[in-house]
Amino acid sequence: MIKIYHNPRCKKSRAGLEYLQSKVKDFEIVKYLNDTPSIKELKEIIAKTGKKPGDFIRKQEEHFKRNMKGKELSDDQVLEEMVSNPKIIERPIIVHDDKAVLGNPPEEIDKIL
């Protein structure tokens, strides 16, 4: 089952959702601001991308600028920040089986379909 971690208020996330809808019909939408993944879930998702937790942080968000910028944080500390402040999670994230991508630009989604 394909999952998209989505923020309906974000233009880029909506573009990713529309692109995914144009490609497949059966997938699950996770509105991650309301249904925030656990640290364990985020670790699993990020591991499927081959990237690090810091690659999934929205560096323009105020929380990042005030609390994280310029600090040497471990991956676990970054994950804790992501769970306690999900607005800083980059979006959309699309997961399909053992692969995941950041759907920005939307064409990145093709890599896991």
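Values quoted throughout were computed directly from the atomic coordinates according to the rules given, and no laboratory measurement underlies them. Here the structure is a predicted model, which is why all the values come from computation and not from measurement. Here the Cβ is made from the backbone with ideal geometry for all residues, glycine too, and neighbour counts use every protein chain on show.
Set side by side, the residues Ser13, Ser38, Ser22 differ, and just one is among the hydroxyl-bearing types (Ser, Thr, Tyr), touching a strand residue (DSSP E or B) at 6+ places or on another chain (Cβ under 6 Å) and over 13 Å from Ala100 (Cβ atoms), which is Ser13. Screening Val24 against (1) among the aliphatic types (A, V, I, L, M); (2) surrounded by 14 or more Cβ atoms within 10 Å (Cβ to Cβ); (3) touching a residue at least 60 places away in the same chain (Cβ under 8 Å) leaves a single unmet condition, (2).
The set of residues in region 81-105 being in contact (Cβ under 8 Å) with a residue 40 or more places away in the chain and in contact with a Leu (Cβ under 9 Å, 6 or more places away or on another chain) consists of Met82, Val83, Pro86, Lys87, Ile89, Arg91, Pro92, Ile93, Ile94, His96, Gly103. Restricting attention to region 69-92, the residues being under 15 Å from the mean Cα position of the chain (by Cα), farther than 16 Å from Lys59 by Cβ and not in a helix (DSSP H, G or I) number 1.
Quick check, is Arg14 free of Cβ contacts under 8 Å to residues at least 24 places away in the same chain, touching a Pro at 6+ places or on another chain (Cβ under 9 Å) and not aromatic (Phe, Trp, Tyr)? Yes, satisfied. For region 44-53, the tally of residues that are buried (at least 16 other Cβ atoms within 10 Å of the Cβ) and not polar (S, T, N, Q) stands at 4. Of all residues in region 36-53, at least one satisfies being over 12 Å from the mean Cα position of the chain (by Cα), part of a loop (DSSP other than H, G, I, E, B) and free of Cβ contacts under 8 Å to residues at least 12 places away in the same chain. For Arg91, the criteria (1) over 18 Å from Leu42 (Cβ atoms); (2) surrounded by 15 or more Cβ atoms within 10 Å (Cβ to Cβ) hold in every case but one, which is (1).
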